[in-house]
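Undergrad: My questions will all concern the structure given below.
The values are calculated or read from the model by the stated rules, or taken from the named source; none is laboratory data. All values derive from a computational prediction rather than experimental measurement. Cβ placement follows ideal geometry from the backbone for every residue including glycine, while neighbour counts extend to all protein chains displayed. All accessible areas refer to the heavy atoms of the entire protein, side chains included, with ligands and DNA or RNA removed. Shrake-Rupley method; radii C 1.70, N 1.55, O 1.52, S 1.80 Å.
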Amino acid sequence: MLAGAGRLGLPRGGHLCWLLCAFTLNLCEAEAPVLEEKLSVSTSTSPCWLVEEFVVTEECTPCSNFQIKTTPECGSTGYVEKITCSSSKRNEFKSCRSALMEQHLFWKFEGTMVGVALVFACLVIIRQRQLDRKALEKVRKQIESI
């Protein structure tokens, strides 16, 4: 007989497992937005920091409400740094990732992983107890039949 033949659906904890996996995937998608930058082939419309050396004139800072509405670089991360390109001497804004934001995302990820580990540890303990009960019941029936 094939392994798993005759079983109807998932075991009792299986639905919970699939629900937890789906929730975790949705949480990860919500926490890690995909950065999509559309770059044109023409160097005249591309930012100068892509094609030449630059110097950071203002460190990575959070965008103000006005900057979020007017500066497209603020859209992806919410943080921006001011740079000056060496050759063209143009001042531009460049999207950046803040150390504080990275730290916050790291601890959120760590907390999620600890929570998932605890849930699966509980599921393992519950399943082990079920299997132990079944084994004891089987031994009890074999002793009774003697």
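Undergrad: Tell me, yes or no, whether region 96-110 has at least one residue that is at pLDDT 85 or above, aliphatic (A, V, I, L, M) and more than 23 Å from the chain's Cα centre (by Cα).
TA: no
Undergrad: Restricting to region 55-84, and then to whatever is aliphatic (A, V, I, L, M) and buried (at least 16 other Cβ atoms within 10 Å of the Cβ), can you tell me which residue is farthest from GLU102 (Cα to Cα)?
TA: Only one residue fits best here, namely ILE83.
Undergrad: List the pairs whose first member sits in region 95-108 and is charged (D, E, K, R), whose second member is part of a helix (DSSP H, G or I) and open to solvent by less than 80 Å² (accessible area, probe 1.4 Å), and whose Cβ atoms are under 8 Å apart, counting only residues at least 6 apart or on separate chains?
TA: ARG97/THR77; LYS108/GLU31
Undergrad: In region 90-114, which residues are loosely packed, with under 13 Cβ neighbours inside 10 Å and among the small types (Gly, Ala, Ser)?
TA: ALA99, GLY111
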